[in-house]
Structures are given as C-alpha cells and as structure tokens.
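Each remark here refers to the structure printed beneath this line.
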Amino acid sequence: MSSTDNKYETDGLIATDIDAYLKQHENKEMLRFLTCGNVDDGKSTLIGRLLYDSKMIYEDQLDAVTKDSVKSGTTGETVDLALLVDGLQAEREQGITIDVAYRYFSTTKRKFIIADTPGHEQYTRNMATGASNCQLAVILIDARYGVQTQTRRHSYIASLLGIKHIVVAINKMDIKDYSEQVYNDIRKDYTEFARELEMKDVHFVPLSALLGDNVVNRSKNMPWYEGETLMQLLDTVEISGDANVQDVRFPVQYVNRPNLDFRGYCGTLASGVLKPGDDITVLPSGKESKVKDLVTYDGDLELAIPGQAITVTLEDEIDISRGDMIVHRENQPHVGSNFKATVVWMIEQPLVSGKQYNFKVGVTDTSGTMTAVDSQIDVNTLAKNSVNKLELNEIGVCEFSLNKPVVFDAYKRNHTTGAFIIIDRLSNVTIGAGMITEAVSEAQAIEGSATNFSEFEVELNALVRKHFPHWDAKDLGAFLK
C-alpha cells in the first residue's frame, strides 16, 4: 500500500508502535454496508473510488488494474476503478456485477466491510444475501435517469431486511453538468417513495464516482451542495443505537464440558445485556436458573453486550443442548412450530405448499412445510398478488409449519432470532431466506392448511409432525397403503 499522504490511517503509529496500532484498530467500530442500484449506475466504480481516494489500494493492485483498464478500454485513458471490485472474468467482459463482492478498509474512526451487490433483477437473491448483515445501504441513482424500477426494488429489499440507514448517492452528476435542479428533482422523487417504506434515516449525496466528486473529497463543481461527502457520512452515521439491548437472546451454539467441575454454554449474545445474577429461563424446556459467570478468553465479564462471544455458566445443573436459548425470565420470545414470514425464494424450482424442506432458525435445525402463500409482493409497485407458489427471485408472505417447536421473535424486533433459511433436503443447498413477521397458532395453521389439502391430509400431516417428525407425509401415506 502506498504510505504517502494517507490521511485515513495512522501510518506513523504503525512505524513506531505496531502493538498500539493493532489495539487501536481492534477497538474501532465496525460498519457493514452495501452498494446497490440499477445496472451500470456505477456501484463498482464508487467502491473503487472510495478505496483509491482513501489510499487503501496496494501498489501492485493498482498496477494490475491499470493494465486491465487498457485491455478493457471502457474508461479511455482513465484507470477503471471498477476492476478493483469486479473480479470475475464475466463481470469484466460485460462491465457488470454478477456475484456479491466484499471489500474491507478502515479510517481512523471505523472499520468497514462493503458488499457490492448486482443490479440485474435476475440476481435479486444475491442482493438479498449481501444485504442480510448490513447496517447501511448506499443506493446509487444515475443522474441521467432518476429513480428507476431497480431503485425501488433494492430500496424495498433493504427496508424488508431491516436496514435502518440509507444513503442515496446520485451518481454521474458530471454528465448532467453538476445541475442542482437534477439533484433536487431526484431527491423529491425518492423521498416520496421512501415515505411509503417508512424509511426514516435517509441521506442524499450528489457525486461523480468516476471523477471523485463528493466521494472522499469535497467537489468544487457543486458549491451549492453543503452536506457531507459520502465518506464523511459513512464515518459519522450513528449506528450505536441500532442494537437491541432490551431483549436478552442467547442462542446456545456449543456446550463446553472440559471436566467434571465446569459446564459452560457457548455462543454469541444476539441481543440484550446479560449480567451475573440475572434470572434466566432456558427455552424451549422452560427450566429456570441464575447466571453464575460470563466467561471469555480474556477473563470473566461483569456484563455482556450484543455481538460478544461468551460462555455462560449457571447456578444450577440444567440439561441444555445446542439450539436452546437462554433469555431473561421476564422477557421471553415465542416458542412454537407455526409462524408467518416474508420469504425471498432463490432457486428455479418453486416454493410449494406441502413439500418437506429443512429449516435453520437461529442455531436450531428442523424440517417442515410451507402451508400457504398469503401473497406475492410486486417489489416494483408494492402490490400484493394472489398466488399458490413462489418462483425464483420472488418475494412473498407465507405461512410455515415446522416439525418441532423453535424459539423466535419477529424479525423487526430481533434480526438474529427472527431470521431463518430454507435448505433443500437432498442437495443441502440454501434455497430460500425468510424474515418472521408473527406467530401463528396451531388452530390457524390447520385452518390455513385446509385450503391446500384435504381433511385427511391435514390430519395426516398433524399426525406425522407429532409422532414421526422425520417422516414425510407422502412416505407415511405410501406406508399406510
């Protein structure tokens, strides 16, 4: 990496005290964000410009990209910074992003993980995957075309996945002669659409990723814009208040039993604040105890906060297994096998009712079925369509019935305990992703199933779930014959 004039990294500290530098870097706040927008809006170029202007590119990388820029010839004599992100040969040949590309950089204030997501509608699933762990979305809009269909699609998905902070980057302002009127018109159009999605923290930045205007350095070509540059927004947007510190949710990932005198439950605290002495309940069993210690490699903690990896020991000997959840006694999530969820479907074979799928809800593995499609959502118009299955890249609200109870919250309340994935039972490939919206009672689940199955099939499915959780209803039906 070029070490000359790097105003974002404390190079002097690296040279004089590497341990102090590493400690400082370790304690920086982390921001995960994604870039999304229509095809050829300049997402990859914007990320390349961020890395280039903040001096976060190695010299050999820059040399390689310079040579490839001459070969591709898409930017004339200018270095094509998009090649820093578009690593696939097919991406470079077509000048588009296909897969989700991740890049990492840091400033003196924060560390960043960027997900560069595809713009094509056919890669909606890739965009949803990239957005699933992000706190902020940078939505690019081409100043020549304004708010497009894909702008609405990606904004809806960002809203659906609970991303609270949106930066609308109005790119290619150089082509529109840095017009303030163009910026104001696009800002007005997007604000009206964002109001429908109940987006609250939305920022707008006029920029040119190709030339670097308002990306890292303030543009002299747009004196009428008095707001922050994109880099300043990324550095200062307030994310500390995003974490849920009210609801203690500790999914157990591993039981640590090194000797007869120690039994600890390992995992990452999904939400809430946990302290020694807290009254807790273990779900789904409902057994109760108190927290004895919070153990880490660096010593015991007086309290744990969301995102910390800890080992919890309890005052009482309780049978706890992987997939169980430790919660505060007075603040408990849902426990059940039926819920309603918004689903993004990711494969060509449709999601159909009655078919057995594997599910991973938090750290719990089980199987189950989709019992009904309430609606398929047209993400371009937000209209709800009546269908009985979901096709590739479609998003819909569905009802599910699992073969054993799981612990969950609504996704809006807790992203960790409210999210799940659907897995193909034969290939073990992830084929869908869901966000739970609400619990459904057993009576509601059976009533919903009746619209898709005969009464005999409903009773048979209920019998299978109760007594033969690993059996498929069709297998049992064949056996009874």
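A short reminder: the numbers here are calculations on the coordinates, not readings from a lab. Source: prediction; values computed, not measured. Positions of Cβ are backbone-derived with ideal geometry, glycine not excepted, and every protein chain shown enters the neighbour counts.
How do 417-428, 341-352 rank on mean C-beta neighbours within 10 Å, highest first? Walk me through the numbers on the way to the answer.
On the way: 417-428: 17.2, 341-352: 19.0.
Descending packing order for the listed peptides: 341-352, 417-428.
Computed from label points 7 Å out along Cα-Cβ, the spacing between D242 and K220 is 3.6 nm.
Are there GluC sites (Glu not before Pro) in region 190-278 that DSSP puts in a loop and that have at most 16 other Cβ atoms within 10 Å, and which ones?
On the way: sites: E192, E196, E198, E226, E228, E238; in loops: E198, E226, E228, E238.
Taking region 190-278 and a limit of 16 other Cβ atoms within 10 Å, the loop GluC sites (Glu not before Pro) found are E198, E226, E238.
Across region 357-370, coupling constants 3J(HN,Hα) worked out from phi with the 6.51/-1.76/1.60 Karplus curve, θ = phi - 60°, read 10, 8, 10, 10, 10, x, 10, 9, 9, 7, 10, x, 9, 8 Hz, and Gly and Pro carry x.
Can you flag which of K290/K355; K109/K290; K28/K404; K172/K360; K111/K292; K109/K200 are past 31 Å Cα-Cα? Could you put the intermediate results ahead of the total?
On the way: K290/K355 42 Å; K109/K290 38 Å; K28/K404 41 Å; K172/K360 42 Å; K111/K292 34 Å; K109/K200 24 Å.
Long pairs (Cα-Cα over 31 Å): K290/K355; K109/K290; K28/K404; K172/K360; K111/K292.
Working note: Karplus 6.51/-1.76/1.60 with θ = phi - 60° gives region 405-417 the couplings x, 10, 9, 8, 10, 5, 4, 4, 7, 8, 5, 6, 8 Hz, where Gly and Pro are set to x.
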